[in-house]
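**Student:** To start, I am sharing the structure in question, which I have written as structure tokens.
The values are calculated or read from the model by the stated rules, or taken from the named source; none is laboratory data. Nothing here was measured: the structure is a model prediction, and the numbers come from that model. Reconstructed Cβ throughout: ideal geometry from the backbone, glycine too, with neighbour counts over all protein chains shown. Surface accessibility is based on the protein's heavy atoms, side chains included, excluding ligands, DNA and RNA. Shrake-Rupley method; radii C 1.70, N 1.55, O 1.52, S 1.80 Å.
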Amino acid sequence: MHFVFYTHSLVSDWNHGNAHFLRGVMRDLLRRGHSAIALEPADSWSRQNLVESQGRQAVERFATDFPGLQSQQYGADFDHAAVIGDADVVIVHEWTDPALVARLGQIRRNSARFTLLFHDTHHRAVSARQDIAGLMLEDYDGVLAFGETLRQRYREAGWGRQVFTWHEAADDALFHPLPDIERTKDLIWIGNWGDGERSAEIDEFLIRPAAALGLSGTVRGVRYPDHALAAVRKAGLNYGGWIANADVPQAFARHKVTLHIPRRPYVESLPGIPTIRVFEALAAGIPLLSAPWDDAEGLFRPGQDFLFAKTGQQMQDLLREVISDPSLGRQLATNGLETIRARHTCRHRVDQLLAILTRTGSARTVSKAGALETMS
């Protein structure tokens, strides 16, 4: 089958975690003999910020990091109908311009034979409900929501014909243990500043515990204001700014432990949805400690795959324990990797996508998906 993905960006992952997942999904589709291309706006804020902060070489290295993956930029004069005319499946990410979301639905309605799916990987359905409510999804064959609680929000609001849960996952072609790299530092946190959504949590679960223990370590991410950078430095941690996702496995491998600090909208309104960093950290084989969130769907085995800290003091205690006891860290890493390999790779998500297509796709998509699902 031929897949077309409308995404904010495939090439840039600057403050854009969905690129991580989409790259892994496309890579696995190609491995199975499908074809796939991403379409991204020429003026995407992620790509623009990446070039402005890192230079054009950060964009140009994409072809080296992800050989075989194709992305095409579009502007105002782009002929969408012609480009997607031979597609079997078109998947449209929720950051796509609303006018284009509606236009693609209209193309589908006017006798186009592809299966059209909408893909939501954000919390705007609760934090900016009017943005999602205003989208024209009537002509879409289905919605892919990256958590069960988000799927229920779509169902309750009547957005989309059919809504399916389709979690993100680890691209384990990229994220896997690197045992030959020595763990020379204590703690690494990879995450963008919270924009008010987790600023207090970063202070409670990262800054203060690291400072109290005198940990060595690294903070990577973007959009850190001056006061946040000052707090990182005061805690004794090094701030490294943006990091290409292709470099994250090596960064994880140089540290003894990492953290998950979820954004407040997920904790309060969309329980059960971790960020993709949880999947990636566990796939990379680094021990993980987490600030509170509700694993409502039973994606993991809390207490085995990673450890929860309910308070900043508990996080401090757990950091001390994991860093001082390498055997505990190794056991957590082994357990987490086991769960990822069993349930949460991009291969698993492609299996799920093909199964969804047999339920909601066009006749030709259903037949192709069914045949390939039988073969895989």
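**Student:** Just in region 1-79: which chymotrypsin sites (Phe, Trp or Tyr not before Pro) are loop by DSSP and have at most 15 other Cβ atoms within 10 Å?
**Tutor:** Here the sparse-neighbourhood loop sites are Phe78.
**Student:** Percent of accessible area on the chain owned by carbon and sulfur, 1.4 Å probe?
**Tutor:** Looking at the chain in its full context, I get 47 percent from C and S.
**Student:** Loop-only check: which GluC sites (Glu not before Pro) in region 94-150 are DSSP coil with at most 15 other Cβ within 10 angstrom?
**Tutor:** Glu138
**Student:** Which of the peptides 222-232, 196-206, 271-281 is most tightly packed, and how do the rest follow, going by the mean number of other Cβ atoms within 10 Å of each residue?
**Tutor:** In decreasing order of mean packing, 222-232, 196-206, 271-281 become 271-281, 196-206, 222-232.
**Student:** Quick one: grab the alpha carbon gyration tensor of region 168-257, order the square roots of its eigenvalues as a ≥ b ≥ c, and give me rounded if a/c is under 1.5, else prolate or oblate depending on whether a/b is larger than b/c.
**Tutor:** oblate
**Student:** Further question: Rounded, prolate or oblate: which fits region 4-51 when a ≥ b ≥ c are the square roots of the eigenvalues of the alpha-carbon gyration tensor, with rounded for a/c under 1.5 and prolate only if a/b beats b/c?
**Tutor:** The shape class here is prolate.
**Student:** Between Asp77 and Ala133, what length comes free when the chain is fully extended (0.36 nm per residue of separation minus the Cα-Cα distance, one decimal in nm)?
**Tutor:** 17.4 nm is the gain from fully extending Asp77 to Ala133.
**Student:** State the answer as a single residue: which of Gly194, Ala173, Leu150 lies farthest towards the positive end of the charge dipole of region 134-233, with beta carbon charges of +1 for Lys and Arg and -1 for Asp and Glu, about the Cα centre.
**Tutor:** It is Gly194, whose Cα lies furthest towards the positive end.
**Student:** Ignoring ligands, DNA and RNA, what accessible area per residue does the chain give at 1.4 Å, in Å²?
**Tutor:** Solvent-accessible surface per residue comes out at 40 Å².
**Student:** Treating only the Cβ of Lys, Arg, Asp and Glu as charged (+1, +1, -1, -1), what charge dipole size does region 43-141 show about its Cα centre? Round to the nearest 20 debye.
**Tutor:** Approximately 100 debye in magnitude.
**Student:** Can you tell which of Ala128, Ala244, Ala253 shows the greatest fluctuation in a Gaussian network model of the chain with Cα springs below 10 Å?
**Tutor:** Result: Ala128 has the largest fluctuation of those listed.
**Student:** Right, next: Give me the angle, in degrees from 0 to 90, between the Cα long axis of helix 98-109 and the longest principal axis of the Cα atoms of the chain, rounded to the nearest 10.
**Tutor:** Its long axis makes an angle of about 40 degrees.
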